[in-house]
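Q: Here it is, the structure in full.
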Amino acid sequence: MNFEATTEEKTLATAGREMMNYSEEYGKLHGLKKVTDNGLRTLNELSHVGGKLTRYGVAFGTTAKNFSQADRDLITSFMNNKVDIERKG
């Protein structure tokens with residue numbers, strides 16, 4: 001059994017950490033006062049899905065079937081720098 005992470009797994013783990021960091025740092029950089037409920041939901045999803053990515057492929061970790069289409073769309077949007085955090089006016 002090989003316990004070394006593959007290049008793909010390392011790439012996904014890095015993306016997951018970036019998603020979690022973005023979510024955590026967003027308020028410090030942009031403030032949360034004007035963020036809508038949908039914007040907060042997106043930030044929470046970034047943290048949740050990012051965490052799942054960091055565990056992808058490890059023993060007892062996540063697999064492809066653990067990601068919904070919404071999760072996959074969020075990952076794609078994030079990796080293409082197209083995540084929109086909804087804000088009021």
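Q: Report, in degrees rounded to the nearest 10, the 0 to 90 angle that the Cα long axis of helix 69-79 makes with the longest principal axis of the chain.
A: In the chain, helix 69-79 runs at an angle near 80 degrees to the longest axis.
Q: Then there is this: Pick out, in residue order, every one of the GluC sites (Glu not before Pro) in the chain that is DSSP loop and has at most 15 other C-beta atoms within 10 Å; say none if there are none.
A: Here the GluC sites (Glu not before Pro) that fit, given the DSSP loop and packing criteria, are E4, E86.
Q: In addition: Please enumerate, by chain and number, the aspartates and glutamates with C-alpha under 20 Å from the C-alpha of K34, excluding those fewer than 8 residues away in the same chain.
A: Hits, sequence-local ones excluded: E24, E25, E45, D84, E86.
Q: Moving to a separate point now. Once you mark the trypsin sites (Lys or Arg not before Pro) that are in a DSSP loop and have at most 15 other Cβ atoms within 10 Å, what is the longest gap between them in the chain?
A: Answer from the scan: 35-81.
Q: Still on this model: Give the angle, between 0 and 90 degrees and rounded to the nearest 10, that separates the Cα long axis of helix 7-30 from the longest principal axis of the Cα atoms of the chain.
A: In the chain, helix 7-30 runs at an angle near 20 degrees to the longest axis.
Q: Another one. Among the listed pairs K28/K88; K33/K82; K65/K88; K52/K82, give every one whose C-alpha distance is greater than 26 Å. Intermediate results must be reported in sequence, preceding the final value.
A: Working: K28/K88 17 Å; K33/K82 21 Å; K65/K88 35 Å; K52/K82 20 Å.
Flagged as over cut-off: K65/K88.
Q: Can you work out the FRET efficiency for the pair E25 and A59, with r the C-beta to C-beta distance and R0 = 41 Å, to the nearest 0.05?
A: Efficiency, from the Cβ-Cβ distance: 0.85.
Q: Could you work out how far apart the two model spin labels at H48 and E4 are, taking each label as a point 7 Å from the Cα in the direction of the beta carbon, and quote it in nm?
A: 3.6
Q: Taking the simple approach of a point 7 Å from Cα along Cα-to-Cβ for both R72 and L40, what is their distance in nm?
A: 3.1
Q: Rounded, prolate or oblate: which one fits the chain, using the alpha carbon gyration tensor with axes a ≥ b ≥ c (rounded when a/c is under 1.5, else prolate when a/b beats b/c, else oblate)?
A: Judged from the Cα gyration tensor, the chain comes out prolate (a/c at least 1.5, a/b above b/c).
Q: With a cut-off of 8 Å between alpha carbons and a minimum separation of six or more residues, what is the relative contact order of region 1-67 in percent?
A: Relative contact order for region 1-67 comes out at 44 percent.
Q: Also, I was wondering about something else. On a 0 to 90 degree scale, rounded to 10, what angle separates helix 37-54 from the longest Cα axis of the chain?
A: Relative to the chain, helix 37-54 is tipped by roughly 20 degrees.
Q: OK, next. Compare G31, G16, G50 in a GNM of the chain, Cα atoms joined below 10 Å, and give the one with the largest fluctuation.
A: G31
Q: Between L32 and M79, how many nm apart are label points set 7 Å from Cα along the C-beta direction?
A: The two pseudo-label positions are separated by 2.9 nm.
We did not get these values from a lab; they are worked out from the coordinates using the rules stated. Just so we're clear, the structure is a prediction, and the values are computed from it rather than from any experiment. In this analysis, Cβ positions are derived from the backbone assuming ideal geometry, glycine residues included, and neighbour counts consider all displayed protein chains.
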